[in-house]
Every structure is written in structure tokens, then in C-alpha cells.
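Engineer: Mind having a look at this structure? Questions to follow.
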Amino acid sequence: MPHMITDACAQCGLCVDVCPISAISPGDPIYVIDDTCCDFMECVAECPEEAIVPIPDWEETGAAPNTEGRS
Ligand code: SF4
Ligand code: SF4
């Protein structure tokens with residue numbers, strides 16, 4: 001399932017370099033994952049803030065999803 005970045009994002013940029021398909025980019029104010037995400041999961045392990053979550057799970061985190069760039 002695609003992943004999203006929540007507002008726990010500290011804008012460190014670490015996830016950008018590990019995504020093999022460059023699906024992550026800086027957003028405003030937090031980073032964003034676009035619709036090309038196909039769940040390689042490297043970014044999830046890299047994020048020090050645990051801000052990257054599968055879309056069906058984000059509601060359980062209590063954090064707001066960053067929907068910028070998503071259709
Ligand atoms: S889950 Fe995989 S494809 Fe999606 S943004 Fe993270 S590293 Fe990229
Ligand atoms: S690694 Fe986590 S905290 Fe850093 S920019 Fe990516 S989502 Fe945000």
C-alpha cells in the first residue's frame with residue numbers, strides 16, 4: 001500500500017535519498033510522498049521521526065497526513 005508522511009515530519013530530508021523511485025520531495029511545510037510510491041519501505045526505516053506510515057494506518061497515529069501532491 002502507498003505510504004504517506006505525517007506532520008511528525010521534522011523535514012530532515014533523509015527519506016528523499018533512500019527512495020529508489022524518487023517518490024519523496026520537499027513540501028510545504030513537510031515532505032510529501034507522491035502517487036508513484038510502490039512500497040519499497042526504505043524510507044520507513046530511514047525516518048528518525050517515524051513519520052512515514054501506510055495510508056490506511058495514518059488515522060491511528062493521530063497525526064495529520066500530508067496530502068499535497070496526491071490525487
Ligand atoms: S515506501 Fe518505498 S516507494 Fe514509497 S516513498 Fe518510501 S521508499 Fe519510496
Ligand atoms: S526522514 Fe522522516 S522526518 Fe525526515 S524528511 Fe523524511 S519524513 Fe520527514
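Engineer: For region 51-67, how many residues meet the condition of being part of a loop (DSSP other than H, G, I, E, B) and either open to solvent by less than 80 Å² (accessible area, probe 1.4 Å) or at pLDDT 95 or above (or both)?
Structural biologist: Kept after step one, since they are part of a loop (DSSP other than H, G, I, E, B), are these residues of region 51-67: 51, 62-64, 66-67.
With the extra rule that they be either open to solvent by less than 80 Å² (accessible area, probe 1.4 Å) or at pLDDT 95 or above (or both), the set shrinks to 51, 62-64, 66.
The number of residues fulfilling the criteria is 5.
Engineer: Please list, ordered by first then second residue, the pairs with beta carbon atoms under 6 Å, 6 or more apart or interchain, first in region 7-25 and without any contact (Cβ under 8 Å) to a residue 40 or more places away in the chain, second more than 8 Å from ligand 2 (Cβ to nearest atom).
Structural biologist: Val18/Glu42; Pro20/Phe40; Ile21/Thr36; Ala23/Ile33; Ala23/Asp34; Ala23/Thr36; Ala23/Cys37; Ile24/Ile33
Engineer: If we scan region 1-20, do we find a residue that is under 11 Å from the mean Cα position of the chain (by Cα) and modelled with pLDDT under 90?
Structural biologist: Within region 1-20, one or more residues are under 11 Å from the mean Cα position of the chain (by Cα) and modelled with pLDDT under 90.
Engineer: Just the residues that are part of a loop (DSSP other than H, G, I, E, B), under 17 Å from Pro54 (Cα atoms) and near ligand 2 (Cβ under 9 Å from one of its atoms), please, taken from region 1-29.
Structural biologist: Listed by number, the residues that qualify are Ala8, Cys9.
Engineer: Next up: Evaluate region 3-19: report whether one residue or more is more than 10 Å from ligand 1 (Cβ to nearest atom) and touching a helix residue (DSSP H, G or I) at 6+ places or on another chain (Cβ under 7 Å).
Structural biologist: Looking for residues that are more than 10 Å from ligand 1 (Cβ to nearest atom) and touching a helix residue (DSSP H, G or I) at 6+ places or on another chain (Cβ under 7 Å), one finds at least one in region 3-19, hence yes.
Residues are listed down the side, and each one gets a yes or a no for (1) in a helix (DSSP H, G or I); (2) modelled with pLDDT of 90 or more; (3) surrounded by fewer than 19 Cβ atoms within 10 Å (Cβ to Cβ); (4) not acidic (Asp, Glu):
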{"position": "Asp35", "(1), (2), (3), (4)": "no, no, yes, no"}
{"position": "Val44", "(1), (2), (3), (4)": "yes, yes, yes, yes"}
{"position": "Glu49", "(1), (2), (3), (4)": "no, yes, yes, no"}
{"position": "Ser71", "(1), (2), (3), (4)": "no, no, yes, yes"}
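Engineer: I'd like the residue in region 1-19 that is under 13 Å from Asp35 (Cβ atoms) and not hydrophobic (A, V, I, L, M, F, W, C) and, out of all such residues, is most open to solvent (accessible area, probe 1.4 Å).
Structural biologist: Pro2
The values are calculated or read from the model by the stated rules, or taken from the named source; none is laboratory data. This is a predicted model, so every value here is computed, not measured. Glycine gets a Cβ as well: all are built from the backbone with ideal geometry, and neighbour counts include every protein chain shown. Surface accessibility is based on the protein's heavy atoms, side chains included, excluding ligands, DNA and RNA. Shrake-Rupley method; radii C 1.70, N 1.55, O 1.52, S 1.80 Å.
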